[in-house]
Amino acid sequence: MCGNVFAESIVVQSIVPVKQCSDGLCTTRYLPSYFYQYKPLNAFDMVNRLPGFSLTDSDDTQRGFAENAGNVLFNDERASTKSESLEDLLNQIPADDVIRIDVLTGRLGELALPGQSIVANVIRNKKSRSGIWELRGRFHSPDYSLRQSANLVYNDTIKNVGLSSSLLYGRYRGRTESDRSFFDAPNFEQLDEERFEVFDESGWITDWSMALNAEIFGWRVNTNIGYLHRDEFGGNDSIRRDFRDEVQQSRFFFPDGDIFKDTDFGIDVEKKIDATNAIKLITIISNREFDEVGGVIDTTLPNEAIVERESSFNTLGQERIARIEWNNTWIKGHNVKISIENALNKLDSRFGLTSLENNELVPVFVPGANTIVKENRADLRLLDSFTVGSVGVEAGIAIERSTIEQEGGFTDSRDFSYFKPNLSLSYKTKNNASIRFDYRRIVSQLDFFDFASNADLDQDELELGNPTLEPEKTDRFEFQYEHQFAGSTAVNIKLFYDDVSDALDTLILSETLEAVGNIGDASRFGIDSAFTLPVEFLGIKNGRLDIELDWQDTKVTDPLSGESREIGDTEHWQMVVNFRQELPRIDAFWGLSYLIDDDRFFFGADELSRSGRDELLDLYFEKRLNNGLRIYFSVENLFEGGDPIDRQVFNGNRFSGILAQREFRVRSFTREIFVRVSKSF
């Protein structure tokens, strides 16, 4: 697809910004004129066109508010929300409202975004009245039935109160197909059973958010409110043929119904006390409700359905965060930030399972099925940001203390204390490249669902909770090189090494049972890289290529064999390629996105499975009309790529046992056709 086929004779000129540095902080300013060639609809389109920049969303594996930061600011501030993704927030800002986007590198300590080395600061006009409406349609193979939705974004200023709101309402669908083949010992060349399965679910989604900002008695006040309701109903239909004696066919249906309800409220107030002091208060309240019903139904006989098992899983997750930040610049050349944060996390989980015995469903005892887990955490940190010569320095320390309590099937209470230092050094070279070294100690956020028990009805296995979990601790070392060359050429390369203690992986409980648990020390070493390249050298005008290539090597000691292996459910490498070409003659663009990654392993008690590799290709095209309408069309997962799985099950544990069964599964995801009509106003 290169050469003269898609080439345009009109060359779109871009205004290339220049990086400027002061006191160790480097700013590359992108004005709207830079993005004119791309005709963006919203701020998300604009951020995606920043050379060498990769959007990093908030990470729920990090604790509280301070460390759960992405790499985008809005008018110099971080949004006081944990529920909305940066992509959603950027989609709510029409492109016409963006005054500029500053890409920041170097000494970023005063921004309070730990772990981020390159940040996009979206400066928008808060007083404009604007909006975006979208009508969307999605068609899934093989029947290509329509799932429609609508999205409305509206921004306004009412009596000096800024208002930003967004509402999405519509239908969606998820579908996969799987071919599964089973080979039993001792003859692994003879097919014993095959299954064809279709997982199909659909439902409705309502996603609403609103942000208000104002200045009251010298205090800048920002409020964020969010509500999400999503239901999913369907299940997995499994047709099975058994070849062991004579060919027998059976059919099972695994019903699955899920309801999600998320509510969030966040508020931050900030005041500049004097020329050198400012204070900021942040409060976040969030609730996560999840209800799931499932089961196993024998539908082999055409006129009779036998319910063999039923399950229910009901959870309520809550998070409460209160934070105070004090910023001081009294010492010349130093920006000192002191913060105190308290966070309360809670999960109330209820799991029920019944199984058919003597033509009657009777309860099955599951340890830890009904449990309440709480964590109360306090964090005190000090961060100083300054320069030494031409080197920007960020140095900080944090002290954390937390208490984890669990009630129900497992009852326990434990206290933890952590010391978390960090140090960053940044330097701008003579050719405007940025070099950064970063060290920080990270304490991960536990997934409270790992404390609660559940069941995998398809594998007929219990998934037990683990009441002894501790947070994973990591000493992370990073070295980063970032350089924007002439035009839109950019390179961003990061080397990292993680020294991990109390690594979270699969903990072996018995010959056949496992749970998520701490299994000892581990390490990660890798490279994350992003490249932006114009493609005129291929004979393609007005085109651009963005490549992200990540590689890592991980090591941990296997709790069964005592030998070194990779950390479970991690991939060695991943590559994402995005190509886009502007077609100015017809006021349109087209492009493609390609993703491929490596296999991942699961090391269970009596099984070893290998899944991957994923390979997905999307094509897209957008036409802009004279009346401002945009028509966007895409084909996602063009070749219906999937996730092949090789699963080995043993008699006894997987290290000392004998291989009993081998399963090969090819799971394919549906091809989807997406159509969107949109307009800004």
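General observations
- Overall dimensions of region 522-584 by Cα: Rg and Dmax, Å: 18.7, 61
- Each Cα pair of region 103-219 feeds into the Kirkwood radius, which the Stokes-Einstein equation turns, at 10 °C and 1.306 mPa s, into a diffusion coefficient of 79 µm²/s.
- 3J(HN,Hα) along region 555-561, derived from phi through the Karplus expression 6.51 cos²θ - 1.76 cosθ + 1.60 where θ = phi - 60°, amounts to 9, 8, 8, 5, x, 8, 8 Hz, with x in place of Gly and Pro.
- R0 of 56 Å, Cβ-Cβ distance Ile99-Phe290: FRET efficiency to nearest 0.05: 0.90
- Cα-based reach from Lys555 at 19 Å (exclusive), listing lysines while leaving out same-chain residues under 8 positions away: Lys473
- Sequence ranges 94-103, 258-267, 208-217, ranked by mean other-Cβ count within 10 angstrom, highest first: 94-103, 258-267, 208-217
- Net charge of neighbours whose Cβ lies under 9 Å from the Cβ of Arg662, counting Lys and Arg as +1 and Asp and Glu as -1: -2
- Once the Cα gyration tensor of region 267-413 is diagonalised, semi-axes √(5λ) in Å: 54, 16, 14
- Student exercise, region 516-662 dipole from Lys, Arg, Asp, Glu Cβ charges, in Debye to nearest 20: 460 debye
- For the chain, the Kirkwood estimate of hydrodynamic radius, built from reciprocal distances between every pair of different alpha carbons, is 27.8 Å.
- With K and R counted +1 and D and E -1, the other residues having a Cβ less than 11 Å from that of Asp502 yield a net charge of -3.
- Surface composition of region 55-191: carbon plus sulfur atoms hold 50% of the accessible area, using a 1.4 angstrom probe and ignoring ligands, DNA and RNA.
- The chain, dipole about Cα centre (Lys/Arg Cβ +1, Asp/Glu Cβ -1), debye to the nearest 20: 4440 debye
- A 1.4 Å probe run over the protein chains yields, for region 83-209, 43 Å² of accessible area per residue, whole-number rounding.
- Centroid-to-centroid separation of region 351-421 and region 470-512 [C-alpha atoms, Å]: 21 Å
- Taken over the Cα atoms of region 45-171, the convex hull encloses 147 Å³ per residue.
- Most positive-pole-ward Cα, Ile493, Ser523, Ser250, against dipole of the chain from beta carbon charges: Ile493
- Contact order relative to length of the chain, as percent, for alpha carbon pairs under 8 angstrom and 6 or more apart: 11 percent
- From phi via Karplus (6.51, -1.76, 1.60), per-residue ³J(HN,Hα) for region 525-538 in Hz, x at Gly/Pro: 9, x, 9, 10, 9, 9, 10, 10, 9, x, 10, 4, 5, 8
- Average Cα contact separation per residue, region 76-177, under 8 Å, 6 or more apart, as relative contact order %: 22 percent
- Pair-distance profile P(r), taking every C-alpha pair of region 464-595, with 5 angstrom steps and integer %: 2, 9, 14, 15, 12, 10, 9, 8, 7, 6, 5, 3, 1, 0
- Carbon and sulfur %, accessible surface of region 412-451 computed with the full protein complex present, 1.4 Å: 58 percent
- Extreme residue, positive dipole direction of region 550-652, given options Gly612, Gln552, Phe589 (C-beta unit charges): Phe589
- Counted by Cβ distance under 10 Å from Phe419, the other residues give a net charge of +1, where Lys and Arg count +1 and Asp and Glu count -1.
- Expressed as a whole percent, the accessible area of region 557-636 that falls on carbon and sulfur atoms is 54 (1.4 Å probe).
- Heavy-atom surface of region 486-542, accessible at 1.4 Å and reported per residue (Å²): 42 Å²
- Computed over region 550-632, the range of Cα coordinates on each principal axis works out to 67, 22, 16 Å, biggest value leading.
- Calculated log₁₀ intensity ratio I(q)/I(0) where the Debye formula runs over C-alpha points of region 64-126, q = 0.14, 0.22 Å⁻¹: -0.39, -0.94
- For Thr56, the amide hydrogen comes within under 5 Å of the amide hydrogens of Asn71, counting only partners 5 or more places away or on other chains and with H modelled in the peptide plane.
- For region 178-329, the alpha carbon positions stretch 86, 37, 20 Å along the principal axes, listed from largest to smallest.
- Rounded to whole Hz, the Karplus (6.51, -1.76, 1.60) HN-Hα couplings of region 94-102, x for glycine and proline: x, 4, 5, 8, 7, 7, 5, 10, 9
- Members of Lys19/Lys82; Lys82/Lys126; Lys39/Lys428 lying beyond 28 Å, as alpha-carbon distances in this model show: Lys19/Lys82; Lys39/Lys428
- Candidate residues Thr28, Thr157: accessible-area rank, largest first, probe 1.4 Å: Thr157, Thr28
- Averaged over its residues, region 608-681 has an accessible area of 51 Å² per residue, based on protein heavy atoms and a 1.4 Å probe.
The values are calculated or read from the model by the stated rules, or taken from the named source; none is laboratory data. Keep in mind the model is a prediction, meaning the values are calculated, not measured. Here the Cβ is made from the backbone with ideal geometry for all residues, glycine too, and neighbour counts use every protein chain on show. Calculation scope for accessible area: heavy atoms of the full protein, side chains included, ligands and nucleic acids excluded. Shrake-Rupley method; radii C 1.70, N 1.55, O 1.52, S 1.80 Å.
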